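Below is one structure; the comments refer to it alone.
The values are calculated or read from the model by the stated rules, or taken from the named source; none is laboratory data. In this text the structure is predicted, and so the values were computed from the model without any measurement. Reconstructed Cβ throughout: ideal geometry from the backbone, glycine too, with neighbour counts over all protein chains shown.
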């Protein structure tokens, strides 16, 4: 069993190393951060959606925006579209599970807002539908995916595509890059000094 632990860690490290060496991914994350910063500074907001582990990522990322990532600073306007069980179950029951994010984008999205859709496959139908509607409503669109981007690749203005088809490895890289996305937005918004001191476990 210890061999399994080692193999899985090696696989995770190998995927992260490919991401580390891929300048196009780095550029995409910086571009996503700039777009998000511009939207927030203009009084708009970030909407984030995803399913399963990607739903957890959406909530995690939004928590970092609203609370803080590294140091104390003003809250950043962000909403996870994965958290209101009454909305999710009503749309799923009355319409379709494929509409759970699209309907919320219709209700909450305004021109100039940003929609970030997260999907390891890049093919989650509810994310695809949300991105299509967001485009039509004048939102900026971002996608964090794997699997060469899937169907979402053509619907997002900026794509962060992890070079893997293994769900857990894609998710591991997504989380690391989502933290970096938030850190970049903090620095673009509040200045370099807000990223100098890491938050300690005791804080």
Which residues, counting only those in region 55-73, are over 17 Å from residue 33 (Cβ atoms) and modelled with pLDDT of 95 or more?
-> 55, 56, 59, 63, 67
Would you be able to say whether some residue in region 47-55 is touching a residue at least 24 places away in the same chain (Cβ under 8 Å) and more than 15 Å from the chain's Cα centre (by Cα)?
-> no
Residues (without any contact (Cβ under 8 Å) to a residue 40 or more places away in the chain, under 18 Å from residue 32 (Cβ atoms) and in contact with a helix residue (DSSP H, G or I) (Cβ under 6 Å, 6 or more places away or on another chain)) located in region 78-120 = 78, 80
Those residues of region 57-77 which are free of Cβ contacts under 8 Å to residues at least 24 places away in the same chain and buried (at least 16 other Cβ atoms within 10 Å of the Cβ) amount to 62
Counted residues, region 134-171 - those being surrounded by 20 or more Cβ atoms within 10 Å (Cβ to Cβ), out of contact with any strand residue (DSSP E or B) (no Cβ under 6 Å at 6 or more places or on another chain) and part of a helix (DSSP H, G or I) | 6
